[in-house]
1. Any idea what diffusion coefficient the stretch A:124-412 gets from Stokes-Einstein, in µm²/s, Kirkwood Rh on alpha carbon pairs, 37 °C, 0.692 mPa s?
2. Hey, what did the stretch A:124-412 get for relative contact order, percent, Cα under 8 Å, at least 6 apart?
3. Straight-line reach only, C-alpha to C-alpha below 28 angstrom: list the lysines that B:Lys228 could link to, leaving out same-chain residues fewer than 8 apart.
4. Can you tally the net charge around A:Val204? Count Lys and Arg as +1, Asp and Glu as -1, for every other residue whose Cβ sits under 14 Å from the Cβ of A:Val204.
5. List, in order, the whole-Hz ³J(HN,Hα) value for each residue of the stretch B:125-135 obtained from phi through the Karplus relation with A = 6.51, B = -1.76, C = 1.60 and θ = phi - 60°; use x for Gly and Pro.
6. Within the stretch A:326-355, which residues have the backbone N less than 17 Å from the label spot 7 Å out from A:Ala147 along Cα→beta-carbon, could you tell me?
7. Check the straight Cα-Cα distances from A:Lys156 and name the lysines below 19 Å, setting aside those fewer than 8 residues away within the same chain.
8. Return the long-range amide H neighbours of A:Arg329 (sequence gap of 5 or more, or a different chain), with a cut-off of under 5 Å between placed amide H atoms.
Amino acid sequence: MLWVYAGLPGAQAGQGEPGVPGVAAPAAAEILVMLHLPAPHFRADGYSGASYRDDAGRQARQRIAATLAREHGMQLMEDWPMPALNVDCYRMRLAAGQDPAAVLAALSRDSRVAWAQAIQDFSAQGAASGAATGTGDPLYRVQPAAAPWQLQQLRKSATGRKVLVAVIDSGVEAAHPDLAGQVAVQENFVDGQSYVAEEHGTAVAGVIAARADNGIGIAGIAPDARLMALRACWQADSGTRCNSFTLAKALNYALLHNAQVINLSLSGPPDRLLQQLVGVAQARGIRVVGAIDPTRSDGGFPANSPGVFAVAADDAPHHGEQCLLAPGRDVPTTMPGARWGMVSGSSYAAAHVSGMLAVIGELKPQLSGERLHEGIVRASGPAPLTGIDLCATIMRITGKCSCACPNPSTENLARSP
Amino acid sequence: MFLRMPQSFHRKPGTFALTGLACIFAASAQAQVSGSAGIVSDYMYRGISLSSGKPAARLSLDVDGANGWFAGGQVVSGQLAPQSHRNAQWLGYAGYAQRLPSGLSWEAGLSAYAFHGAPDWNFREMFVGMSFENYSARLHYSPDYLGFGERTVYAELNGGGPLGNAWRYFWRGGYLSAPGHAGSSRAEGRIGVGTAIEGWQMQLSLDAARLRRQGGGYGSYSSEPSSKVHSKLVLGLARGF
């Protein structure tokens, strides 16, 4: 019933205060306690909640959670139902000095609890690598994907029109001149703080869907895609951080609001809650893209999860055979403050693939994720710098040539796990 | 004029619900118990007053097991049209509900109604339903609706959503079809707003019903012509638990 992580102290150490970027981690660890969330059904009194967050049986679960918190000396912080997993997720803070492993072990024996886990730390896989440029500089020519992926030619066929891409990341500057009108939904899942524009999220959003042919900045891979800017990460001194709970809330939102592509330019340890949410997303036909962490032998979660489009930067020294390579070094993109800047890392490589999937999603919306994964052509000649031959991929998947297409060779196919 | 038929089902649905509750408790210690206790200005049941237009007290209980089984019950201090004073009206139900990977949920169950002092009205139903996000649809079939000896199918659509942070709206549209007694068929609906503060729930709704033709036999509107749409504002206040 209960799933417990072995590395609890490590998980605790990385768990900074999400509401205050840059603040050191609190002394008390937090855990997630899952209570069963019943499916909606007939009730005699007709009192139903206004949304999935406030269903008719919520008070029953709150009583159980309060009792559990009291019994184990914890502080009940908040709850967030995850209908896709049939659980109501309660965040609880342990008392100072309390051993999370002991509490989780005790909860594992409690029949009121579906399962529980530690809140773990995740980090974005990219950073700024160059000085910001001024406004008005046309950066398309220096976009590493521009020529190999023949973006201008490709846009004549598809631009990711109306494909909803969830960017689960730090805050996106929706008012950026290169992103104006591209953000359809903006939600904050970082507790204790309102939505703010941050570097990593804004940069990832720009790679995916910056406006094209607007005379400024860059062109996104899918400039007509619609972005769901879900802030689950926050900018801290140590980089852009997220945790199991904030990511789970954002994933849950993306599931409930029909995202077609989910971009996760981040990485961390295995996580049962997130793994299950990613699994549900895949079962619903949502493409999930994860950035590979080059410091982890398996690339880290979610990139190491079966069916996830795992992406490394094309200059990464080590990568698995199943991972995709995409531009990830010196990528010009949008930055907060109506600026543009150069960034590097697998985060941005993943963003390229999310944009690519949005473009393909416009052309072949019903294609299964497995077939799509199999259909992506690795470049050996026409686009060696990017690792992916987008034109050949689209020709292979749709049967139509969108640009100067070579004949794809079957021996160059990237096979899914 | 409807004829009363002999009733084969006279057990109180409380027994039925208690059996279901016991099964759920026995099957799982993870059972979640919720409910409400309160009053309504008029107990409207599918567009018909079952409290003769008077306020009624209501207590309801719902139990969910971890494995998808659910059961519950309700007692209302109602008053049928032929009755001179309030009597307990019981409802018990039990069923199974499951959420599918797509996000869609389905349910199936049985319900039983009993009217203290008027056992001829007792009846039972089976229901199936589907829910998605804030919408649900159900079909209820009764082999002997309200003891009239007629088979009925009641179809309902429900929906709702938030209105700002504190309020929500809700609506229901329903149609009761009685193939053998077209006069019992009726369309009804409900639209309203509600809020919950510190465990208290308040609902204000407009309930309306339209009979296909001359009604009769039950309810406070039984003697009125069918061409008129009957509507009423209903206020409900309850303490949730």
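Taken together, the values in this text are just the output of simple stated rules run on the coordinates, not laboratory data. Predicted model only: the values in this text are computed from it and were never measured. For neighbour counting, all protein chains shown are included, and Cβ atoms are generated from backbone atoms with ideal geometry for every residue, glycine included.
1. In µm²/s, the coefficient is 181.
2. In percent, rounded to a whole number, it is 24.
3. By straight Cα distance, B:Lys228 reaches B:Lys54.
4. Working: positive: A:Arg231; negative: A:Asp169, A:Glu173, A:Asp178, A:Glu198, A:Glu199.
Net charge in that neighbourhood comes out at -4.
5. In residue order, the calculated couplings are 9, 10, 9, 9, x, 9, 9, 8, 6, 9, 10 Hz.
6. Hits in the stretch A:326-355 for A:Ala147 at 17 Å: A:327-332.
7. Within the straight-line limit of under 19 Å, A:Lys156 reaches these lysines: A:Lys364, A:Lys400.
8. Amide H to amide H, under 5 Å and 5 or more residues apart or across chains, A:Arg329 pairs with A:Asp314, A:Gly345.
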